[in-house]
Protein chains: 2
Amino acid sequence: MENKPVKPPAKAKRIRARGESAPARTPLAPEHWVEIAIDLLANEGIAGLRVEVLAKRCGVTKGSFYWHFKDRQALLAAVLEHWKEGRIRDIEKTTTVAPGKESEQLHFAIELYGASRNRKGMSIELAVRDWARHDAQAAAVVEAVDLYRLDCTRKLFVSSGMSDAEAKSRSLLLYACVFGLSLMHYTHFDDNLGDLKQRIAERIISN
Amino acid sequence: MENKPVKPPAKAKRIRARGESAPARTPLAPEHWVEIAIDLLANEGIAGLRVEVLAKRCGVTKGSFYWHFKDRQALLAAVLEHWKEGRIRDIEKTTTVAPGKESEQLHFAIELYGASRNRKGMSIELAVRDWARHDAQAAAVVEAVDLYRLDCTRKLFVSSGMSDAEAKSRSLLLYACVFGLSLMHYTHFDDNLGDLKQRIAERIISN
DNA sequence: CAATGACCATACTGTGTCGTATGGAAACGC
DNA sequence: GCGTTTCCATACGACACAGTATGGTCATTG
């Protein structure tokens, strides 16, 4: 009396969204998984990063996921690693600057994070930080990134002629402000937000 | 052949943790639910705020929950309302100050949030803000609280002799910094964090 | 052509959760 | 006393999810 169809429906499915003419099967590299996972993380938070949802988003099923990753935890670790490396590269790119242009670059860094540009990057940032509040792994990665960022920015301040102690405080102030602003809802606080942000940036950077 | 015991075990349970000698049944007021819910929210995030977990934490079962609340959404709304009102009261208490002591009070406000004191308050704050990133209701409440806070603090800066525009930027900078710092992991950035924070506070408040 | 391995689908178990239905126990009104 | 209301327990159905087991399909290799 068993109804074990074992192979009933589903067929017009193998030709997934991999570009109509089947480009050599495209093995769906682990990197691809991680990138889409980060996308999910940004939009739904760590709690929304489910393997079935992720698989569907990749156009496959769980079966594929568990072939590439041992379990959900392995994916999360890969996500953290990928994010960390991306941040490190980004920081290096942002903080290497020709002598004399330090404060200019600092202004750029603030605007880069604070503006509506880089919205996605900030979403990821916030999602990871919230994740880090309940997960030691994530907390460690966040700490590493923070320390690296803080130190690179400190050097910029020092190069622009500040004492080390002052540079440290400015560096911390800068990032705290950037992240804090992205947490707040202040769009209706003033009708000239540009001027507001300008003043804040000056306060952080100039002496 | 059905085993529908309907009333089998469980009996030494009615005398819950309501104080051994049954103090008149203690109806477990809705406020109580909300307060414990906020506790859960702070520790587990909005995703961890489940009704069964909450009920267990209250020493009862879901049955009780759904008597007090229509559904989970109703609880969340109550949580937001409770938090909002608490914040408003707190802001008023923190920003009403005798003339001449404004900057002193501003320093106090920074330290209050930034220190290891008020750890729980900050946990709630961050949880609500993360919640607000995906929920319009929460976002509206956060915005209301933010605007109120920003305006109260703005007045403090104005009272201590600042232009309105400058006061606005300082107010925004203050809260952004406070929340941002609580998002970062900078404990190993310097071995004299006190001095660091002192410099930051000065930068935000003094002219 | 046959065998192997890479990549994926399907089915299943177990658990956690939301919400509902129903009934029980204590307190209160009359 | 008796019915009503308040507050809660139990049981149930439906779903979403993690992880496993198993098999299918295709390309590659010998």
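Can you work out which of the residues in segment A:42-56 that are within 12 Å of DNA strand C (Cβ to nearest atom) and assigned to a helix (DSSP H, G or I) is surrounded by the fewest Cβ atoms within 10 Å (Cβ to Cβ)?
The qualifying residue surrounded by the fewest Cβ atoms within 10 Å (Cβ to Cβ) is A:52.
Kindly indicate whether any position in segment A:170-181 is surrounded by fewer than 20 Cβ atoms within 10 Å (Cβ to Cβ), closer than 29 Å to residue B:141 by Cβ and of a type outside the set (Val, Ile, Thr).
No.
Can we say residue A:79 is within 16 Å of DNA strand D (Cβ to nearest atom) and in a loop (DSSP other than H, G, I, E, B)?
no
Hey, can you tell me all the residues within segment A:69-85 that are surrounded by 19 or more Cβ atoms within 10 Å (Cβ to Cβ) and either within 15 Å of DNA strand C (Cβ to nearest atom) or closer than 13 Å to residue A:29 by Cα (or both)?
If the condition is that a residue be surrounded by 19 or more Cβ atoms within 10 Å (Cβ to Cβ) and either within 15 Å of DNA strand C (Cβ to nearest atom) or closer than 13 Å to residue A:29 by Cα (or both), then A:69, A:75 are the ones that fit.
Pairs only if they're at least six apart or on different chains, beta carbon under 7 angstrom, first in segment A:46-75 and in contact (Cβ under 8 Å) with a residue 24 or more places away in the chain, second part of a helix (DSSP H, G or I) and of a type in the set (Lys, Arg); list them, first residue then second.
Correct list of pairs: A:51/A:62; A:51/A:72.
Go through (1) at pLDDT below 95; (2) facing chain B (nearest Cβ under 9 Å); (3) part of a loop (DSSP other than H, G, I, E, B) one by one and return the number of the condition residue A:207 breaks.
Here residue A:207 clears every test but (2).
Within segment A:122-134, identify whether any single residue is more than 14 Å from chain B (Cβ to nearest Cβ), among the polar types (S, T, N, Q) and under 16 Å from the mean Cα position of the chain (by Cα), and answer yes or no.
No, segment A:122-134 contains no residue that is more than 14 Å from chain B (Cβ to nearest Cβ), among the polar types (S, T, N, Q) and under 16 Å from the mean Cα position of the chain (by Cα).
For every residue, the table says whether it meets (1) in contact with a Lys or Arg (Cβ under 9 Å, 6 or more places away or on another chain); (2) at pLDDT 90 or above; (3) over 22 Å from residue A:141 (Cα atoms).
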{"position": "B:107", "(1), (2), (3)": "no, no, yes"}
{"position": "B:113", "(1), (2), (3)": "no, no, yes"}
{"position": "B:118", "(1), (2), (3)": "no, no, yes"}
{"position": "B:148", "(1), (2), (3)": "yes, yes, yes"}
{"position": "B:162", "(1), (2), (3)": "yes, yes, yes"}
{"position": "B:166", "(1), (2), (3)": "yes, yes, yes"}
{"position": "B:186", "(1), (2), (3)": "no, yes, no"}
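Give segment B:86-106 a look and list any residue that's touching a helix residue (DSSP H, G or I) at 6+ places or on another chain (Cβ under 8 Å) and surrounded by fewer than 14 Cβ atoms within 10 Å (Cβ to Cβ), or say none.
Those that are touching a helix residue (DSSP H, G or I) at 6+ places or on another chain (Cβ under 8 Å) and surrounded by fewer than 14 Cβ atoms within 10 Å (Cβ to Cβ): B:92, B:99.
Kindly evaluate residue A:32 against the criterion of being of a type outside the set (Ser, Thr, Tyr), in contact with a Pro (Cβ under 9 Å, 6 or more places away or on another chain) and without any contact (Cβ under 8 Å) to a residue 60 or more places away in the chain.
No: the conditions fail for residue A:32.
The conditions are (1) facing chain B (nearest Cβ under 7 Å); (2) among the charged types (D, E, K, R); (3) under 15 Å from the mean Cα position of the chain (by Cα), and residue A:190 fails exactly one of them. Which is it?
The number of the failed condition is (3).
From the residues in segment A:163-187 that are of a type in the set (S, T, N, Q) and more than 7 Å from every other protein chain (Cβ to nearest Cβ), which one is farthest from residue B:198 (Cα to Cα)?
Restricting to residues being of a type in the set (S, T, N, Q) and more than 7 Å from every other protein chain (Cβ to nearest Cβ), the top hit is A:187.
The values are calculated or read from the model by the stated rules, or taken from the named source; none is laboratory data. Small disclaimer: the values here were computed from a predicted structure and weren't measured. Cβ coordinates were reconstructed from backbone atoms using ideal geometry, including for glycine residues, and neighbour counts include every protein chain displayed.
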